[in-house]
Amino acid sequence: MIGDRVEVNIAGGLDISLPRMIRVRQKFDAPRLADIPAAISAEFARPEVRARVKHGQVVAVGCGSRGVANIATIARCVIRELQALGAKPFIFPSMGSHGAATAEGQKKVLEGYGITEAATGVPIRATMDTVVVGQLEDGTPVHMDRHAAEADAIVVINRIKPHTAFRGATESGITKMLAIGIGKIVGAATYHAHGMDTFADLLPKVRNVNIEARNVLFGVGIVENAYDQTAHIEVIPADRIDTREPELQRLAKRLMPRLQFSEIDVLVIEEMGKNISGAGFDPNITGRNRRAVEWKADPLVKKIVVLGLTPESHGNATGIGGADVTTMRLYRAIDVGATYANVITSMNLDGAALPLVMNNDREAIALAVKTVVRTRPQDCRIVHIRNTLDLAEIQVSEPMLAEVKAATERFQIVSPAGPLQFDVNGNLVPLAPSHQRSAAAAGGR
């Protein structure tokens, strides 16, 4: 058991000189949706959308556990448009095993994103109970949230993006929510038993059973740009999800952020969490995935240090096993029950494996730097990011400066080299907060 402090005999200790860091702005193509309510209103004005909503229908609106930009605003606007068409909507959590796999926990996850009964003006009906609405050809039962199954109609809202553990025409988005999310923990566990390597084929089949068994009206698909801003919102009728979602996923892949380096010695991530990625920190960004997942390593990252866990995760540290080193403060923030429920459901148990725990941020970073082979600490290629969603402004170590200067189309130097800043407790002073993304986006276009 790890006590209040970790005492370990490290040859030469951890009092090493770290290289100086330069603040850099990454440049990305970043279209942005200027008026979200107007965009949603325009989508609901389409005849093929309006015709699906009947006056007096009780409509279950599914919202998930990801930290989607502007999700509270989007959910409120969808609710208002449904009400304007005479429907009677309510919200249900569509998030598999997240929120510690409890109804109250899932409701709290939504509330953490501003999706509350007070804010939306409609009830939030949370349950872990499901109804079996059909089965696949092999006899696999298809589960649906009981409240959704009993409603007159269903709508789901989700961001469309690359998944963290498999590749296919549809990955993370409407299809996944209409299979894993809406199936709650029992459905999620049932489908994960097939293995994530089957999901590209399996999840569309589950989605189709749910659409055929119940009145799924449409999915509200959201695509974000590289600065974690809303780039596109589209209402996709249920009978078009199979053809339209792959097109939006290709757009999402084109717009997603990245670390524009081929090799990094140490990647320092300030925070991980379920609101950032299903894997805590996105393997599409770090190039590293769980042991059982075949994954192209791009960029090549030798050591990953994760310093903290977001409050919105409610202790769910799924994905922590992808790091090499972490901190005592993150370790203390882990809710073992919530993390285990999510990891066991996914069948990828190494997602909860503990990295080495150091007493503070400086020790954690120093340990990672010290253990990069054939590299002196002063020559270490370090990249410091806030999280894997927020990659607009990053810090890179001085040994990477020549590469940055040679690629003005990708990088803009924001500040001169200086030491990493730590507080009196040895914790890293964080990068600029997310509200500065707008300025970063303007500079990147």
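The values are calculated or read from the model by the stated rules, or taken from the named source; none is laboratory data. Fair warning: this is a prediction, and the values are worked out from it, not measured in the lab. Backbone-built Cβ (ideal geometry, glycine too); neighbour counts: all protein chains shown. Please note that ligands, DNA and RNA were not included when accessible areas were found on the heavy atoms of the full protein model with its side chains. Shrake-Rupley method; radii C 1.70, N 1.55, O 1.52, S 1.80 Å.
The numbered conditions (1) under 22 Å from SER94 (Cβ atoms); (2) among the basic types (Lys, Arg); (3) touching a residue at least 24 places away in the same chain (Cβ under 8 Å) are all true for ARG244 except (3). Of everything listed in (1) of a type outside the set (A, V, I, L, M, F, W, C); (2) open to solvent by 60 Å² or more (accessible area, probe 1.4 Å); (3) touching a helix residue (DSSP H, G or I) at 6+ places or on another chain (Cβ under 7 Å), the single unmet condition for ASP138 is (3).
Scanning segment 269-280 for residues being open to solvent by 10 Å² or more (accessible area, probe 1.4 Å) and under 12 Å from GLY321 (Cα atoms) gives a total of 1. What number of residues within segment 220-233 satisfy the criterion of being part of a strand (DSSP E or B) and in contact with a Lys or Arg (Cβ under 9 Å, 6 or more places away or on another chain)? Total meeting the criteria: 6. Being touching an Asp or Glu at 6+ places or on another chain (Cβ under 8 Å), among the aliphatic types (A, V, I, L, M) and more than 30 Å from HIS147 (Cα to Cα), is that true of even one residue in segment 179-193? No, segment 179-193 has no match at all.
Take the residues of segment 347-406 that are in a helix (DSSP H, G or I) and closer than 30 Å to ALA189 by Cβ: which is most open to solvent (accessible area, probe 1.4 Å)? So the residue we want is LEU349.
For every residue, the table says whether it meets (1) open to solvent by less than 20 Å² (accessible area, probe 1.4 Å); (2) in a helix (DSSP H, G or I); (3) at positive phi.
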{"position": "ILE157", "(1), (2), (3)": "yes, no, no"}
{"position": "HIS163", "(1), (2), (3)": "yes, no, no"}
{"position": "THR175", "(1), (2), (3)": "yes, yes, no"}
{"position": "VAL186", "(1), (2), (3)": "no, yes, no"}
{"position": "HIS194", "(1), (2), (3)": "no, no, no"}
{"position": "ASN208", "(1), (2), (3)": "no, yes, no"}
{"position": "LEU217", "(1), (2), (3)": "yes, no, no"}
{"position": "VAL235", "(1), (2), (3)": "yes, no, no"}
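From the list PRO377, PRO430, PRO416, the lone residue that is closer than 27 Å to GLY13 by Cβ, over 28 Å from the mean Cα position of the chain (by Cα) and either of a type outside the set (Val, Ile, Thr) or modelled with pLDDT under 95 (or both) is PRO377. Consider segment 316-336 and keep the residues that are touching a Gly at 6+ places or on another chain (Cβ under 8 Å) and of a type in the set (Gly, Ala, Ser). The one that is surrounded by the most Cβ atoms within 10 Å (Cβ to Cβ) is GLY319. Is it true that VAL293 is among the β-branched types (Val, Ile, Thr) and surrounded by fewer than 22 Cβ atoms within 10 Å (Cβ to Cβ)? So VAL293 passes the test. Within segment 407-417, restricting attention to residues that are part of a loop (DSSP other than H, G, I, E, B) and farther than 18 Å from ASP379 by Cα, the residue that is least open to solvent (accessible area, probe 1.4 Å) is ALA407.
Please find, among THR230, THR243, the residue that is at pLDDT 95 or above, among the hydroxyl-bearing types (Ser, Thr, Tyr) and open to solvent by less than 20 Å² (accessible area, probe 1.4 Å).
THR230
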